[in-house]
Amino acid sequence: MENLDWKNLGFGYRDTDYNVRCYFKNGAWGELEVSTSNRIDIHMSATALHYGQEAFEGLKAFKGRDGKIRIFRMDENAKRMQNSSDGILMAKLPVEKFMEAVRIAVKKNERFVPPCESGAALYIRPLLIGTSPQIGVKPAEEYLFMVFVMPVGPYFPEGFKPTDLVIYREYDRAAPQGTGKYKVGGNYAASMYEGKKAKENGFSAVLYLDSREKKYLDECGPANFFGIKNNTYITPLSDSILPSITNKSLMVLADEMGLNVERRKVPYDELAEFEEVGACGTAAVISPIKGVYDSDKDKWFKYGEEPGEWSTKLYNKLRAIQYGDEPDTHGWVEIVE
Ligand SMILES: *Cc1c(COP(=O)(O)O)cnc(C)c1O
């Protein structure tokens, strides 16, 4: 096992030993290849570079107390990448090939999977890019799929800590019928400006309103939004938000814990009614939110300095399944053999 300061890794790029690659050429996917290089060689006119023909995924593997490594819901990531591929006209990687590439990347880099006690995990980054040259706006004919991994520290090294979100009506992350529902790099480029502004002003992320009417809540920059009130877990339904696998999982767990679950349009005014608010995604599972600041109206919605009861229960439950401390009754984890 690698000797790293697991608890203080943070979330940043770090080289590991191997990555896995697969090339699409002449209308077909090739075999999975293992590489030790962190470089790729692509044409300067590759569609990924100038027209943003790129999609990515993010998932994690966890080492349990039993020493086993578990990968969480990777079939969902594989399907979501296929959906992103359909959305921006890229070659679609078969689900089984995606999962095999992830398994190989994790297994080959096993010494980088953090020990259970650290609360850290192995972050897995699959990506798919158009590699062949085009100068007219057209999809590439060749693609590269890759999986690389890196150990990342616990998201909350000092414990589960609430942060603040900010609403800026002058920025949109995605158009109403645009690419917001696909996990593509373009959405991230489009959100960096206001994301940086939010951080500089002390907020953890932007909470976007729907870009058509600015009446409903959409999602945070890199995470879905949920609110809890009257024993109900409520999360926005919208054409421009990315379907988070964490959110999907939390909805199942919330239901099992006896909460009602509603996925529907969430009017802005409901911010005043929530008892708990959170952002959810692979990175943090749940980031509890203590306040939402509406910068246009100079108005605060406050949810308390400490994480709410249900957010804490949901967080603990999902983490327990991921680390193998509780039985995986839904078939969400695959143990790496
Ligand atoms: C990846 C992502 C999420 C979180 O999805 P998970 O599958 O839970 O990690 C949420 N919003 C956006 C915009 C994303 O790109």
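The values are calculated or read from the model by the stated rules, or taken from the named source; none is laboratory data. Every value quoted in this text rests on a predicted model; they were computed, and no experiment measured them. No Cβ is skipped: glycine too gets one built from the backbone with ideal geometry, and neighbour counts run over all protein chains shown.
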### Query
Given the structure, is residue 52 buried (at least 16 other Cβ atoms within 10 Å of the Cβ) and in a loop (DSSP other than H, G, I, E, B)?
yes
### Task
Would you mind telling me which numbered condition in (1) among the aromatic types (Phe, Trp, Tyr); (2) crowded, with 22+ Cβ neighbours inside 10 Å; (3) within 16 Å of the ligand (Cβ to nearest atom) residue 24 fails?
(3)
### Task
Would you point out which residue out of 158, 213, 219, 200 is within 15 Å of the ligand (Cβ to nearest atom) and not aliphatic (A, V, I, L, M)?
219
### Task
Could you list, in sequence order, all residues of region 173-201 that are closer than 23 Å to residue 294 by Cα and aromatic (Phe, Trp, Tyr)?
188, 193
### Query
Within the group 218, 210, 172, 255, which residue is of a type outside the set (S, T, N, Q) and within 19 Å of residue 314 (Cβ to Cβ)?
255
### Query
Can you tell me which of 269, 239 is touching a residue at least 12 places away in the same chain (Cβ under 8 Å) and either within 14 Å of the ligand (Cβ to nearest atom) or not small (Gly, Ala, Ser) (or both)?
239
#### Entry: Tally, over region 135-173, of residues that are touching an Asp or Glu at 6+ places or on another chain (Cβ under 6 Å) and either surrounded by 15 or more Cβ atoms within 10 Å (Cβ to Cβ) or not assigned by TED's automatic domain parsing to the domain that holds residue 220 (or both)
3
### Task
Quick one: residue 233 ticks every box in (1) more than 22 Å from residue 116 (Cα to Cα); (2) more than 16 Å from the ligand (Cβ to nearest atom); (3) of a type in the set (Phe, Trp, Tyr) except a single one, so which number is it?
(2)
### Query
Could we say that residue 31 is at pLDDT 95 or above and in contact with a helix residue (DSSP H, G or I) (Cβ under 8 Å, 6 or more places away or on another chain) here?
no
### Query
For the subset of region 246-294 comprising residues that are of a type in the set (Lys, Arg) and not in a strand (DSSP E or B), which member is surrounded by the most Cβ atoms within 10 Å (Cβ to Cβ)?
248
### Query
With respect to the numbered conditions (1) crowded, with 23+ Cβ neighbours inside 10 Å; (2) part of a helix (DSSP H, G or I), which one is the sole condition not fulfilled by residue 197?
(1)
### Task
Find all pairs meeting these conditions: Cβ atoms under 8 angstrom apart; at least six residues apart or on different chains; first residue within region 96-117 and part of a loop (DSSP other than H, G, I, E, B); second residue of a type in the set (D, E, K, R) and buried (at least 21 other Cβ atoms within 10 Å of the Cβ).
113/63; 114/63; 115/63
